[in-house]
């Protein structure tokens, strides 16, 4: 019997008595990239809730894709709440490009302050 559970970033397939996990940043970025700007922050919150649940229940290892999405979501929350954002960590270059595009959309929709891009560049320097 095969059971399929799916979120935008994780495909968990129960196959032959074992969980097989695939974390796909591409699926996440494609989904978020096609959302209206007003829905992006809520979608990030929901995705992170699913990631955290999967981590808590050992359905996911904290790999580069999952940690990248969690770091980005935390950054967005901090900027939106006016909190100081400190230098975080290096993220994959393709993730940085997508996150920059997302921040531009959020600034243009007045979901984030104009300073968000400078804060992002300081928090997540390109390697």
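Just so you know, all these numbers are worked out from the coordinates, no wet-lab data involved. Not measured: the values here are computed from a predicted model. Glycine also receives a Cβ, built like all others from the backbone with ideal geometry; neighbour counts cover every protein chain displayed.
Each residue in 45, 54 was given a count of other beta-carbon atoms within 10 angstrom of its own, and listing them fewest first yields 45, 54. Distance between the modelled labels on residue 74 and residue 117, one decimal in nanometres: 2.6 nm (7 Å Cα→Cβ projection).
In the range 105-127, whose amide N lies under 18 Å from the spot 7 Å out along Cα-to-Cβ of residue 89? List them in ranges. 120-127, by backbone N distance to the label point. Set against the 2.2 N^0.38 Å expectation for a compact globular protein, the range 19-127 has a Cα radius of gyration ratio of 1.04. Cβ crowding within 10 Å, taken as a proxy for footprinting-reagent exposure, orders 72, 90 from fewest neighbours to most as 90, 72.
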